[in-house]
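First the structure, in the form of structure tokens, and then the observations on it.
The values are calculated or read from the model by the stated rules, or taken from the named source; none is laboratory data. What you see is a predicted model, and the numbers here were worked out from it, not measured in a lab. Using ideal geometry, Cβ is built from the backbone for each residue, glycine included, and neighbour counts are taken over all protein chains shown. Heads up: the accessible areas ignore ligands, DNA and RNA and are worked out on the full protein's heavy atoms, side chains in. Shrake-Rupley method; radii C 1.70, N 1.55, O 1.52, S 1.80 Å.
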Amino acid sequence: MHGWSKVHQSCYQIIHNVTGRQVASNGCKSLGGYLAIISDDQEKAAIQEFLVSLGFTSDTDRFYIDGSDAETEGVWKTENGHVMTYTGMSGTEPNGGTSPNCMYVKSVLLGDYYCTYIMPAICEM
């Protein structure tokens, strides 16, 4: 599994500079994985520690993960349509209103952001 890193109970790989969530998802599929789905506090902490270990500590270091509320504001679903029971968002997140509909992770929190922004993504296998 060249390029994949074992973290928590899954393997993860970062793909850089993808243009939007759909391109990120397609990129993950081409690697044999899928956009990462964070399912609990332990996985969230493990992924955030992984990002810090790679040097991603800036407030602007956002990474696409699976999760969107584009269909119904406030109802977060995975790409395959399953309602997410865990979002891990806290504080002021989600804070984007009806425009930013895609979930992201960074070293300190999860939040919502625009689905067409150019940023890296975290793939899971």
How big is region 1-73 on each of its three principal axes, counting only the C-alpha atoms and giving the largest first in Å? 33, 27, 24
Taking all protein chains as present, what is the carbon and sulfur share of the accessible area of the chain, in % to the nearest whole number, probe 1.4 Å? 51 percent
Identify the residues of region 96-123 with backbone N under 11 Å of a label point that sits 7 angstrom from the Cα of V52 along the Cα-to-Cβ direction, or state none. 107-109
For the chain, give me the percentage of DSSP beta bridges that are antiparallel, rounded to the nearest 5 percent. 95 percent
For the chain, just give the cysteines left without a disulfide-compatible partner, judged by no other Cys Cβ under 4.7 Å. C11
Checked against the positive end of the charge dipole of region 51-114 (+1 on Cβ of Lys and Arg, -1 on Cβ of Asp and Glu, about the Cα centre), the farthest of M89, Y114, F56 is F56
For region 45-125, size of Cβ-based charge dipole, Lys and Arg +1, Asp and Glu -1, in debye: 100 debye
Taking 61-71, 97-107 and ranking on average Cβ neighbours within 10 Å, highest first, one gets 61-71, 97-107
Helical mean residue ellipticity (222 nm; -39500 (n - 2.57) per DSSP H run of 4+; nearest 500) of the chain: -5500 deg cm²/dmol
Alpha-carbon centroids, region 1-49 and region 63-125: separation in whole Å: 13 Å
Mean separation of Cα pairs under 8 Å and 6+ residues apart, divided by the residue count of the chain: what relative contact order is that in percent? 38 percent
Compute the whole-percent fraction of alpha carbon pairs in the chain spaced more than 18 Å apart. 46 percent
